[in-house]
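The values are calculated or read from the model by the stated rules, or taken from the named source; none is laboratory data. What you see is a predicted model; the values in this text were computed from it and never measured. Neighbour counts are summed over all protein chains in view; Cβ atoms, including those assigned to glycine, are modelled from backbone coordinates with ideal geometry. Keep in mind that these areas ignore ligands, DNA and RNA; they rest on the heavy atoms of the full protein, side chains included. Shrake-Rupley method; radii C 1.70, N 1.55, O 1.52, S 1.80 Å.
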Amino acid sequence: MTENAPAEPGYDAVVLAGGAARRLGGTDKPGVRVGGRALLDRVLAACADARTTVVVADPRPTARAVRWTREEPAGGGPLAALDAGLRHSGAPHVIVLSADLPFLREGTVRRLLAALRADTADGVLLTDADGRDQPLVAAYRAAALRRGLTALTAEHGSLTGLPLRRLTGGLVLTRLTDPVAAFDCDTWDDIAIARARIREHEHVLDEWISAVKDELGIDLDVDTGALLDLARDAAHGVARPAAPLTTFLVGYAAARAEGGPEAVAEACRRAAALAQRWAQEDTGDAKPDAAPGTSPDAG
């Protein structure tokens with residue numbers, strides 16, 4: 001984006017989290033934990049840069065602040081819930097999400113919004129591994145949703161009990177395929193699959209870091225590779241316990257400097273250089289840094 005280019009319009013997020021979860025035996029599905037985090041918190045993390053995030057459900061503790069609302073009557077179904085959420089939204093574009101998406105990420109939300117802005121369609125939604133539409137993982141033009149909801153209310157007198165397809169069937173939609181992000185947890189088998197996947201080798205570190213950041217209220221992207229390299233150098237060049245202590249001190253130094261990723265990178269660079277100097281002193285052919293005549297035995 002050039003300096004004089006207009007800013008992209010902001011978006012709001014509406015998260016539907018008040019379903020009955022019958023296939024989970026009535027369990028509080030948004031509160032079920034995957035990777036140590038509630039499903040609802042995982043979804044909220046994916047839309048953290050929304051101008052306003054509205055959760056349609058009874059209020060509960062969450063990892064970040066949101067606006068709560070409820071459809072009338074409670075349990076009136078997805079269209080009634082969506083209508084209740086939209087009443088608190090003023091953005092031209094709205095991300096509509098269910099609260100049971102363990103693998104949704106900010107990148108997917110950005111991709112949905114970018115596709116919507118680049119097209120004239122009423123919405124852009126994901127399809128799952130079987131090619132089925134997932135209208136609760138989607139970006140919509142708020143005006144199109146409101147027109148559709150108004151028409152359905154006029155036709156039926158109420159939105160209570162109406163299926164979501166009564167709305168989406170009248171919209172012009174574009175589809176993106178992303179089976180992972182579209183994976184939702186409807187059964188305990190789905191929960192087990194999600195919990196197993198995040199513990200796979202290629203996912204576990206990113207999942208753990210995301211979980212820790214959410215738990216500690218940290219919104220900071222850092223170079224994980226550089227920190228791991230520093231931990232390795234401290235463990236090998238100094239002592240194994242030096243690895244976690246050094247990375248802690250790097251984070252503490254960056255916080256004291258009131259810096260962001262750049263402060264972490266600079267502290268990491270300096271600590272890594274120190275670890276290398278420390279290790280060099282332990283080699284047989286290491287040359288002293290001190291000037292002649294300044295050793296402890298001199299004089």
Quickly run through segment 81-109 and pick out the residues that are in a helix (DSSP H, G or I) and modelled with pLDDT under 95.
-> Glu106, Gly107
Extreme residue, most open to solvent (accessible area, probe 1.4 Å), among residues of segment 86-143 that are among the hydroxyl-bearing types (Ser, Thr, Tyr) and over 28 Å from Trp188 (Cβ atoms) = Thr120
Inside segment 154-172, can you point out the residues that are touching a strand residue (DSSP E or B) at 6+ places or on another chain (Cβ under 9 Å) and surrounded by fewer than 17 Cβ atoms within 10 Å (Cβ to Cβ)?
-> Arg165, Val172
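Just name the residue that is farthest from the chain's Cα centre (by Cα) out of those in segment 179-189 that are open to solvent by 30 Å² or more (accessible area, probe 1.4 Å) and under 19 Å from Thr127 (Cβ atoms).
Among those residues, the one meeting the criterion is Asp186.
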Would you check if Ala196 is open to solvent by 40 Å² or more (accessible area, probe 1.4 Å), of a type in the set (A, V, I, L, M) and modelled with pLDDT of 95 or more?
-> no
Some residue of segment 19-33 being in contact (Cβ under 8 Å) with a residue 12 or more places away in the chain, assigned to a strand (DSSP E or B) and open to solvent by less than 10 Å² (accessible area, probe 1.4 Å) | no
Could you check how many residues of segment 252-271 are surrounded by fewer than 15 Cβ atoms within 10 Å (Cβ to Cβ), among the small types (Gly, Ala, Ser) and under 26 Å from the mean Cα position of the chain (by Cα)?
-> 2
When segment 97-118 is checked residue by residue, the ones that are farther than 21 Å from Leu86 by Cβ and not hydrophobic (A, V, I, L, M, F, W, C) are Pro102, Arg105, Glu106, Gly107, Thr108, Arg110, Arg111
In segment 272-297, how many are open to solvent by 40 Å² or more (accessible area, probe 1.4 Å), at pLDDT 70 or above and either of a type in the set (A, V, I, L, M) or in contact with a helix residue (DSSP H, G or I) (Cβ under 6 Å, 6 or more places away or on another chain) (or both)?
-> 2
Determine the pairs where a residue that is over 14 Å from Ala181 (Cβ atoms), located within segment 114-129, has a partner that is open to solvent by 20 Å² or more (accessible area, probe 1.4 Å) and assigned to a loop (DSSP other than H, G, I, E, B) with Cβ atoms under 7 Å apart, the partner being 6 or more residues away or on another chain.
-> Arg117/Glu8; Ala121/Val172; Asp122/Leu171; Asp122/Val172; Gly123/Leu171
Restricting attention to segment 121-158, report how many residues are at pLDDT below 95 and among the hydrophobic types (A, V, I, L, M, F, W, C).
-> 1
Within the set of pairs 6 or more residues apart or between chains, which connect a residue that is of a type in the set (A, V, I, L, M, F, W, C) and modelled with pLDDT of 85 or more inside segment 220-247 to a residue that is open to solvent by 40 Å² or more (accessible area, probe 1.4 Å) and part of a helix (DSSP H, G or I) with Cβ atoms less than 7 Å apart?
-> Leu230/Thr247; Ala231/Thr247; Val238/Trp278
